[in-house]
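The values are calculated or read from the model by the stated rules, or taken from the named source; none is laboratory data. Just so it is clear, the model here is predicted, and its values are computed rather than measured. For neighbour counting, all protein chains shown are included, and Cβ atoms are generated from backbone atoms with ideal geometry for every residue, glycine included.
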Amino acid sequence: MFFAIKRLENETEKAYKAFEIYYSLKKERTRKKTSLILGHKNSYTCDKWSQSYNWDHRILEFENKLIQDVYDKSLEKIVKINDKVILAWEQVVNEIIRRISTKPEEMKNLSLNSLYNILNNASKHIIVLNKENLDIASTKINNVKVDEVEHIGEDLINGVLNDIQAISQD
């Protein structure tokens, strides 16, 4: 069995094995239960080892490190998702500019109010997509790939194009 918490230099092999057992008990973790598993008549030895080798403190440090690692990975993914949102907005603006300059006939009915509505709808769409993807990142942080949120830009562009097309046909 691989145990992620390192053995202390001065810790005996027996004490370390007891520590592994103690840690593995999770919610049922007690020195008394550890002692019973080891076949000891009482918890005196485990109490002594626990105090001498700071079992609870080492577990707390280890688990805090795990939590910090998950937080750091979450933050990385959220930053990448937000970068994709910014890229999606750039694509929307570039597509609108491209349509205005290359297809003026499609854009003739596009008033400032219509453009505002298109951008407002795109904004709502991005907020919803961003929230969905942040939820994915926070609930499945170790499994989600940033590529899974590629659709932000594509969905947004398609929505904007549909809005422009609908207005140009009015």
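Going by what's in this entry, would R99 be described as outside the structural domain of K26 (by TED's automatic domain parsing), over 30 Å from R7 (Cα atoms) and of a type in the set (K, R)?
The answer is yes for R99.
Name the single residue, out of those in the range 3-46 being outside any helix (DSSP H, G or I) and of a type in the set (G, A, S), that is modelled with the lowest pLDDT.
A4
Which count do you get for residues in the range 24-36 that are surrounded by 13 or more Cβ atoms within 10 Å (Cβ to Cβ) and more than 21 Å from E63 (Cβ to Cβ)?
So the answer is 2.
Between I59, I67, which is in a helix (DSSP H, G or I) and exposed (fewer than 15 other Cβ atoms within 10 Å of the Cβ)?
Residue meeting the stated conditions: I67.
Can I67 be described as more than 20 Å from the chain's Cα centre (by Cα), of a type in the set (A, V, I, L, M), modelled with pLDDT of 85 or more and closer than 22 Å to S24 by Cβ?
Spelling it out, it is not the case that I67 is more than 20 Å from the chain's Cα centre (by Cα), of a type in the set (A, V, I, L, M), modelled with pLDDT of 85 or more and closer than 22 Å to S24 by Cβ.
Quick one: K103 ticks every box in (1) more than 36 Å from the chain's Cα centre (by Cα); (2) more than 30 Å from S123 (Cβ to Cβ) bar one, so which box is it?
Status for K103: all satisfied but (2).
What about V93, is it modelled with pLDDT under 75 and either of a type in the set (A, V, I, L, M, F, W, C) or assigned by TED's automatic domain parsing to the domain that holds S74 (or both)?
Judged against the criteria, V93 is not a match.
Among the listed residues E76, E20, identify the single one that is over 30 Å from L115 (Cβ atoms), among the acidic types (D, E) and outside the structural domain of K124 (by TED's automatic domain parsing).
E20
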